[in-house]
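Following: one structure in structure tokens, then a few remarks.
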Amino acid sequence: MAAVPEPIGADVGRGGAQGYAADWARAVRRLGFVPLSAAETERLLLVHTVRLAQAVRAEPFTARPAEEVGRALVEAHLTEPRALEWALRALGADFPHRVLAAAGRPADLSERIAAVQGGLAAGYARALRDRTFAQQERIARSAWQARDEVEQALRDSEARFRAVFTGAAIGIGIAGVDGQIIDVNQAFADMLGYSIEELCQANVAELFHADDAAGMWDLYQEMVEGKQDSARLEKRYYRKDGSVVWTDLAVSLIRHDDGRPRFTVAMIEDITERYELQQRLRFQALHDPLTGLPNRTLFFETLGRVFDSAAPERRVGVCFLDLDGFKAINDSLGHDLGDRLLVVIGRRLAECVAEHGHLVARMGGDEFVILVDGGQDAVAVAQTALAAVAAPVHVGDQQLAVSASVGVVECPAEETTASELMKAADATLYWAKAAGRGRYAVYDPERSARDLARAALVAGLPAALERGEFVLHYQPIVSLLEGRMLAVEALVRWQHPELGLIGPDRFIGLAEETGLIVGLGEWVLRTACRDAERWWREFPDARLVVSVNLAARQADDPAIVDTVADVLATTGLPAELLQLELTESAVMGSAGEPLRSLHRLAALGIRLAVDDFGTGYSNLAYLRRLPIHCLKLAGPFVEGIRADGTDVAADHRDERIVDALVRLAHALELWVTAEAVETGVQAERLRALRCDTGQGRYFGAPAPAEVITARLRGGAAG
Amino acid sequence: MPDGLPTEIDLTRPSAARVYDYFLGGAHNFEIDRQLAEQIASMTPNLAATMRSGREFLRRAVRALLDAGIDQFLDIGSGIPTVGNVHEVAQAANPKARVVYVDIDPVAVAHSRELLAGNDLTGVVHADLREPERILTETHQLNLIDFSRPMGILLAGVVHFVPDAARPEEILSTLRAAAAPGSFLVISHSTFEDQPQEMLDAQRLSARTDTEITLRSRAQITGFFGDWTVLEPGVVHMPLWRPDSPSDVDEHPERFGAFGGVARYDQSAG
């Protein structure tokens, strides 16, 4: 913008010029845009007003200054056409009388005004044309320059892209939304084994295969429909030569400016090696290195899948197989031969069931498991497996005959779970082993329930003893001669918090197996002696003996003598009022000869009885020398002499046996007690046979101590 | 290629900067621009006057800032700075005044560079108001404006090109945060307040350039100044903002359809 010069020229009527300039300024500001303030505009136009006035009066006259004013108006951006119109009109109308003093008006004023109008218009038009040309040229040049810059930037970008595209180690391919491949780089072509030209003839659809991961084609379709912008997945391509290349594939969608899908760009990285390594690692993670069979993990994965996908009624079966005596083979022949045996067994199992599609897995050690595919007979599979194992095995120069045990479980998928199935198979295998090995056992839910109940009892025994859940009942032993109660046998019961009162037949065996019998037996002994001491104190004349069973394991315990002595000492029961009952096998002990402690027990002054006499192996020679006081005839002999008339011959035979046993006992100077006496007839005949005492329901069922006390108090009632 | 900036120059579409130039009497425009300008003008005879009014508001505001001692200006949305441009107004008052022009239109930017070639106190940045960080970064790189000293940020007729979805208040907040205490912010912005229907129709026409206009209320426009102190006479119809003389004020100042205002960053404002 040109600075606004000070108006000059004293010969101009200042007041008139100023008023004229002010009107002019108002007009231009009203008619068009003026980038000046009102005062600036007015000042500028005052300069031009004065110049025009001077030009009109100048001698010699020339219109040239008017041309310059016209140009100056354009340069000051006063280019609104109607403002020019105003200026020209005002020059002809108001200018002479407002601006030019009357004295200074030349004679040819009207010609000069016309010339000034013409000059101003010419200068204005020429300047406006120049300015328009200049501005048009400049804006066009700017447009081209901007376009050049954008194109240059695009070319730069294109060049950078090309460099990346051609030089990339990863394969890059571009396709249209119709799937037609537009361009691929060399790496892409190399990975697929085609030339760039060949691939550019192809369609993306040709690169998909029926065995692609599920959903891959759908994903691509969603992308070209614009529903997805990118995807990343592992994809297998078939190379031109038919070989396979695994790739990490990233696909992106490129859209038109308006958002419509335009291209897909695929970037692939060859991960075949990594993939194969992963596969190998996965194989290793899921297979047993020794036999090459699926391992436990793969087995459970497969079993889990079967359960996840099986129809509810579909049957699932497993055969859990374990070699018999493998540890002995391993120990005697060495681990190397043991391993080779396992390899052979594994291979045979796989061969014999593979054709049926069953999975054979090695679970560890010498345990194998066969997953029987639905609908097939698991027992038949077990038999096949046993036969396969049974054939002699040659390892090294050894010929081995091995056998296996198999637990077979088969049931509908809806009735069980993978872990329950395997637990059942494990239990069933144990049954097969327990039943003598070399065989299979089939899972029996009832047996399993019994096993479980038994296990629960075993688990509960120690706590039961601590919590005082055991109680003693006593069964009278009565003189057959005079009917008096001479002794009571202490019998233990378990007052189970959930199952109620449990008889000894259900837990004594378990207590013996687990060793708890020692503690339980001592508790029985102590409790019985305490009760007997009370009876003795209250009813000294009755001289009631308490008879306590001693389990083989207790009797075998060297501490038993001290324990009995301690019990007698602490309870104060006279030794002769305690009788210990031992079975024949307990008397003989585990060493195959009578217990040494028997003499020491007898030396304490207590009585010893042989329980269930006649059912075990009795060495009469020992019996003669041992400090035994009493024989208890086993129940079956006594039951035989019920004389209910059903089998008179058998009856007589049993009676003769009892007669013989009583005679034998008496010959050895032993008392005889008949157990399981149920009826008066039995009692009568036993008395006739000179049996000394009887015990059984006829003389009284086992009862709590108070019942015995009451019976003692009743005196004669005994 | 910077994000958000056009990747091709389409001279078959009118440009807001060139239409504006035409309304100001310039010849930096093409047939397509003039056609649109005439069409707009035929619908709203006021519009040409509105643009002149906006240019005059800018001139008065720049003068006011110069009077307050401001000697560096960031003119965002400068368009084609031919007629009544900021550096001429500023440098006429202070020959050492510095001006950085920012525009999104690549043609306007190319033109500005050519026009300003040789003027060492001016610079041009090609950027979009919607990327204020880029504007600030590139302005820094020109080394013309000292951000530690007060400056004038000029947003004349440009914020209404930013739709609400682009969160203009955050853009303004970013720009204000970059300024030193004592800085000024100048905004003129189209409004629907007090406007006849044809103004609103013209706004729809503006969609035919690459830039659609969002009309806003006085309160919204005032909000763009944040916690800066809005100077007298406040956010007003443009002719009412400190006119050179009372006679300059139109009888119907609202007919220009735009508010103008100036605010200062006082230290106490935080």
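Here, each number is a calculation from the coordinates, and none is a lab measurement. Because the structure is a prediction, the values reported are computed rather than measured. Methodologically, a virtual Cβ is constructed for each residue, glycine included, from the backbone with ideal geometry; neighbour enumeration extends over all protein chains shown.
Side notes on the structure shown:
- Ellipticity estimate at 222 nm from DSSP helix runs (n ≥ 4, -39,500 (n - 2.57)) divided over chain B, nearest 500: -11000 deg cm²/dmol
- Virtual spin-label span in nm between residue A:523 and residue A:286, 7 Å along Cα→Cβ: 5.3 nm
- Solvent-free Debye scattering, log10 I(q)/I(0), computed from the Cα coordinates of the protein assembly as shown at q = 0.04, 0.07, 0.08, 0.11 Å⁻¹: -0.55, -0.83, -0.95, -1.28
- Full extension of the chain between residue A:238 and residue A:400 yields a length gain of 53.3 nm, computed as 0.36 nm times the residue separation minus the alpha carbon distance.
- Sequence-distant lysines (8 or more away, or on other chains) whose Cα lies within less than 30 Å of residue A:235: A:227
- Whole-number D in µm² s⁻¹ for region A:276-326, Kirkwood Cα-pair radius fed into Stokes-Einstein, 20 °C, 1.002 mPa s: 164 µm²/s
- Computed FRET value (nearest 0.05) for residue B:192 with residue A:265, which takes r as the C-beta separation and R₀ as 51 Å: 0.70
- When the alpha-carbon atoms of region A:459-717 are used, the pair Rg, Dmax equals 18.1, 52 angstrom.
- Each listed q (0.15, 0.16, 0.17 Å⁻¹) maps to a log10 I(q)/I(0) for region A:168-276, found by the Debye formula over equal Cα scatterers with no solvent: -0.59, -0.67, -0.76.
- Computed over chain B: relative contact order in percent, which uses C-alpha pairs under 8 Å that are six or more apart: 19 percent
- Only Cα sites of chain B enter the Debye sum here, all with the same form factor; the resulting log10 I(q)/I(0) across q = 0.11 1/Å is -0.56, listed in q order.
- FRET efficiency, 1/(1 + (r/R0)^6) with R0 45 Å, evaluated for residue A:379 and residue A:471 via beta carbons: 0.45
- Extension gain, residue A:23 back to residue A:274 (0.36 nm per residue minus Cα-Cα distance, nm): 81.4 nm
- Sequence-distant contacts, meaning Cα pairs under 8 Å at least 6 residues apart, place the relative contact order of chain A at 6 percent.
- Distance in nm between pseudo-label sites at residue A:556 and residue B:247 (7 Å out along the Cβ direction from Cα): 13.6 nm
- In terms of surrounding Cβ atoms within a 10 Å radius of their Cβ, A:536, A:24, A:671 rank from fewest to most as A:671, A:536, A:24.
- Residue A:701 versus residue B:147: modelled label distance in nm, points set 7 Å from Cα along the beta carbon direction: 10.3 nm
- The local environment of residue A:245, defined by Cβ-Cβ distances under 13 Å, has a net charge of -3 under the rule Lys, Arg +1 and Asp, Glu -1.
- FRET efficiency, 1/(1 + (r/R0)^6) with R0 51 Å, evaluated for residue A:435 and residue A:710 via beta carbons: 0.55
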